[in-house]
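The values are calculated or read from the model by the stated rules, or taken from the named source; none is laboratory data. Just so it is clear, the model here is predicted, and its values are computed rather than measured. Note: ideal-geometry Cβ built from the backbone for every residue, glycine included; neighbour counts use all protein chains shown. Protein only, heavy atoms only, side chains kept; ligands, DNA and RNA dropped before computing areas. Shrake-Rupley method; radii C 1.70, N 1.55, O 1.52, S 1.80 Å.
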Amino acid sequence: MSSILIQNIRQILQVEPNSSTTNTSPLPFIQGEAMRVLPTIDQAWLLIEEGRIKDFGAMDNCPDRADEIIDASDRMVLPSWCDSHTHLVFAGSREGEFVDRINGLSYQEIAQRGGGILNSAQKLQDSTEDELYQQALRRLQEVQNQGTGAIEIKSGYGLNEAAEIKMLKVIKRLKENSDLEIKATFLGAHALPTAYKGRKDEYIELVIQKMLPKIADEGLADYIDVFCEKNFFSVADTEALLEAGQKYGLKGKIHSNQFNCMGGIEAAVKYGAVSVDHLEVINEAEIACLKGSNTIPTLLPSAPFFINDHYQPARKMIDAGLGVALASDYNPGSTPSGNMPFVLTLACVKLRMTPEEAINAATFNGAYAMELEKTHGSIKKGKVANLIITEKIPSYAFIPYAFGTNHVWKVILKGKVTN
Ligand code: NIG
Ligand code: FE
């Protein structure tokens, strides 16, 4: 039995106060005013055994033996980031579009000229599974070093049966070979492929009748996603895909409200989607619709940062009682970065979230957005030991404050020190 004792920890963050089995909270994730509370223990220890959190507490009752002892004086220990929305498998890059935007084109204009998602789809179709795997593995290693311990990865740059399956197989290989916890999402309806121009219904039919059954049968996806947006897919398309997903036991994680309020949120809630993501624009009725539902609104602030759009109204949402998750949206078009600490900084500076709200959103609520909240996202006895030990920092607010510096000292995944 291998064990690691981390001792003299300045502060453990995101401790579930009742670390036994019972959770008395009636809410499935952290919401409203509770988002301002980040439970901590000062001057603490934490014991890992067999890949799990065995126990933890204040230094005055610290155990005195373990196979390995780590001194964490002046350091923080927190659960690894749970990044619940990424497109980390992609081919090449799109910095040409980045320059086009600097010169005045908008993200939507670039998409309408055949750039954007279709640009990445062409590159992905021209790449082998192995090339995609090698590129994705490098990105995964990079976000792991920044403290991400669980991650969702979408398909959606294949846009034909063979290429969508190729992407999902890459995600499967990543699942098998990485220490990170990975969830796969089928996003066949990310954009209408050029070959189907003017024949959207036929493409939706292809996704539902051909791709989905095959992908579900081969166990290649955990969730289904749709880009519900003007010039992409309608609410009716979204509902048809969510309904089809349900037949195969795939819940939704929906791209919605990036540019327009169209009804995507209502559809997500109606079909019991796990999350509805982006939400740069959201109206009162949509906030009311999310209230009390099990669908978690997931905010991706590095997307509007990078395409120079307006930010998600997090304050309005949280003050109305909603809980939110934060995720990176790592993709080659709107967010060529999976850096979760930077997402936290944007959440604090641009979305006006407090550090406590941001950390709750990027740990426990992110875990919920991947249905991993029972095993990840907090410090609790029996949970998987996916932990960050920080560099020597004065307080946890220093993490979003001192942006651009990597504050991660050690990354522990499944109870193993990985660096
Ligand atoms: O979440 N908006 C839709 N999909 C991605 C971006 C895709 C791309 O530009 O390649 C997003 O931002
Ligand atoms: Fe996305």
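All conditions but one from (1) of a type in the set (D, E, K, R); (2) more than 16 Å from ligand 2 (Cβ to nearest atom); (3) under 30 Å from A314 (Cα atoms); (4) crowded, with 16+ Cβ neighbours inside 10 Å apply to E95; the one that does not is (4). For region 282-326, a residue qualifies if it is assigned to a loop (DSSP other than H, G, I, E, B) and either open to solvent by less than 30 Å² (accessible area, probe 1.4 Å) or touching a strand residue (DSSP E or B) at 6+ places or on another chain (Cβ under 6 Å) (or both), and the qualifying residues are I282, S293, T295, L300, P301, Q312, G321, L322, G323, V324. Summed over region 277-310, residues that are within 12 Å of G323 (Cα to Cα) and either within 16 Å of ligand 2 (Cβ to nearest atom) or touching a residue at least 40 places away in the same chain (Cβ under 8 Å) (or both) total 5.
Restricted to region 133-171, and to residues there that are buried (at least 18 other Cβ atoms within 10 Å of the Cβ) and among the basic types (K, R), the residue that is nearest to ligand 2 (Cβ to nearest atom) is K154.
Results for (1) open to solvent by less than 30 Å² (accessible area, probe 1.4 Å); (2) touching a residue at least 40 places away in the same chain (Cβ under 8 Å); (3) within 15 Å of ligand 1 (Cβ to nearest atom); (4) assigned to a loop (DSSP other than H, G, I, E, B), shown as yes or no for each residue.
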residue: E205; (1), (2), (3), (4): no, no, no, no
residue: Q209; (1), (2), (3), (4): no, no, no, no
residue: L212; (1), (2), (3), (4): yes, no, no, no
residue: A216; (1), (2), (3), (4): yes, no, no, no
residue: L220; (1), (2), (3), (4): yes, yes, no, yes
residue: D225; (1), (2), (3), (4): yes, yes, yes, no
residue: D237; (1), (2), (3), (4): yes, yes, yes, no
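Per-residue answers, yes or no, for (1) outside any helix (DSSP H, G or I); (2) within 16 Å of ligand 1 (Cβ to nearest atom); (3) of a type in the set (D, E, K, R); (4) not assigned by TED's automatic domain parsing to the domain that holds L13:
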{"position": "D329", "(1), (2), (3), (4)": "yes, yes, yes, yes"}
{"position": "G333", "(1), (2), (3), (4)": "yes, yes, no, yes"}
{"position": "T345", "(1), (2), (3), (4)": "no, no, no, yes"}
{"position": "C348", "(1), (2), (3), (4)": "no, no, no, yes"}
{"position": "E356", "(1), (2), (3), (4)": "no, no, yes, yes"}
{"position": "A361", "(1), (2), (3), (4)": "no, no, no, yes"}
{"position": "K410", "(1), (2), (3), (4)": "yes, no, yes, no"}
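Could you check, for region 58-80, whether at least one of its residues is in the same structural domain as S178 (by TED's automatic domain parsing), of a type in the set (S, T, Y), touching a residue at least 40 places away in the same chain (Cβ under 8 Å) and loosely packed, with under 15 Cβ neighbours inside 10 Å? Looking for residues that are in the same structural domain as S178 (by TED's automatic domain parsing), of a type in the set (S, T, Y), touching a residue at least 40 places away in the same chain (Cβ under 8 Å) and loosely packed, with under 15 Cβ neighbours inside 10 Å, one finds none in region 58-80, hence no.
Residue-wise test of (1) polar (S, T, N, Q); (2) in contact with a Gly (Cβ under 8 Å, 6 or more places away or on another chain); (3) away from ligand 1 (no atom under 16 Å from the Cβ).
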| site | (1), (2), (3) |
| --- | --- |
| W81 | no, yes, yes |
| F90 | no, no, no |
| R94 | no, yes, no |
| G116 | no, yes, no |
| S120 | yes, yes, no |
| K123 | no, yes, no |
| E131 | no, no, yes |
| Q134 | yes, no, yes |
| E142 | no, yes, yes |
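Just for region 363-372: of the residues that are assigned to a loop (DSSP other than H, G, I, E, B) and surrounded by 24 or more Cβ atoms within 10 Å (Cβ to Cβ), which one is farthest from the chain's Cα centre (by Cα)? Here the residue is T363.
Filter region 121-132 for residues that are in a helix (DSSP H, G or I) and touching a residue at least 24 places away in the same chain (Cβ under 8 Å); which is most open to solvent (accessible area, probe 1.4 Å)?
That would be E131.
Reported count of residues in region 239-263, each being within 16 Å of ligand 2 (Cβ to nearest atom) and surrounded by fewer than 23 Cβ atoms within 10 Å (Cβ to Cβ), is 2.
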